[in-house]
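A.B. asks: The structure under discussion is supplied below as structure tokens; questions concerning it will follow.
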Amino acid sequence: VPVRGIALIPVAGILIGGSLTVTALAGRRALEELAARRGEVEAAMALGLPAREARLEIARRAASGALIPGLDQTRTVGLVTLPGAFVGMLLGGASPAAAGAVQLFVLVALMAGQSVAVAITLELVARRRPLRRRSGR
């Protein structure tokens, strides 16, 4: 991707948008799972695990499901859907090979960015940074 605004702004928008989605899904699922399995977290802490490790052990499995929509989208690209970067490049006059290369870059970068976003979200949840307010207070 050329280091120019006309190329960086759309790619950054795609990456940020995808990361926002998985961050919300991962955070919500991890917090819900920790609330539902509170006893298991306390049991792990009673066995000697640090609080962060105990919360991470429970939240990790739940939050990994946040990557499923992105994986499904990546799996169907080119078979069922025509991705925006590919179509935009073709309409802009690029060759199909160049459009395919850009779309491949976007998909790989999107999955990498989403994986990093989920990892950061899990770490924050394990350290109890995002606290939910309970209704009625």
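The values are calculated or read from the model by the stated rules, or taken from the named source; none is laboratory data. Worth saying up front: this structure is predicted, and the values here are computed from it rather than measured. So basically every Cβ, Gly included, is an ideal-geometry build from the backbone, and we count neighbours across all protein chains shown. These area figures cover heavy atoms from the full protein model, side chains too; ligands, DNA and RNA do not enter into them. Shrake-Rupley method; radii C 1.70, N 1.55, O 1.52, S 1.80 Å.
A.B. asks: What pairs come up if the first residue lies in the range 70-90 and is over 15 Å from A7 (Cα atoms), the second is modelled with pLDDT under 80 and of a type in the set (A, V, I, L, M), and their beta carbons are under 9 Å apart, counting only those six or more places apart or on different chains?
C.D. replies: P83/V77
A.B. asks: Checking the structure you have, find out if any residue of the range 111-121 is at pLDDT 85 or above, polar (S, T, N, Q), open to solvent by 40 Å² or more (accessible area, probe 1.4 Å) and under 13 Å from the mean Cα position of the chain (by Cα). If you could, list the steps in order and put the result at the bottom.
C.D. replies: Keep residues of the range 111-121 that are at pLDDT 85 or above, which gives 111-121.
Okay, now just the ones that are also polar (S, T, N, Q), so 114-115, 121.
Now drop any that are not open to solvent by 40 Å² or more (accessible area, probe 1.4 Å), which leaves 115.
If we keep only those that are under 13 Å from the mean Cα position of the chain (by Cα) too, we end up with 115.
Yes; the residues of the range 111-121 include at least one that is at pLDDT 85 or above, polar (S, T, N, Q), open to solvent by 40 Å² or more (accessible area, probe 1.4 Å) and under 13 Å from the mean Cα position of the chain (by Cα).
A.B. asks: Please go through the range 24-47 and pick out each residue that is open to solvent by less than 60 Å² (accessible area, probe 1.4 Å) and assigned to a loop (DSSP other than H, G, I, E, B).
C.D. replies: Passing the criteria: only R37.
A.B. asks: Something else about it: Give A63, A94, A85, A98 a once-over and let me know the one that is modelled with pLDDT under 90, outside any helix (DSSP H, G or I) and open to solvent by less than 50 Å² (accessible area, probe 1.4 Å).
C.D. replies: A94
A.B. asks: Okay, moving on. How about the range 66-82: which of its residues are over 11 Å from V118 (Cα atoms) and assigned to a helix (DSSP H, G or I)? Write out each step before concluding.
C.D. replies: Here is the first cut: in the range 66-82, the residues over 11 Å from V118 (Cα atoms) are 68-82.
Within the range 66-82, I68, P69, G70, L71, D72, Q73, T74, R75, T76 qualify.
A.B. asks: Then there is this: Of A54, A7, which residue is within 16 Å of T121 (Cα to Cα) and hydrophobic (A, V, I, L, M, F, W, C)?
C.D. replies: A54
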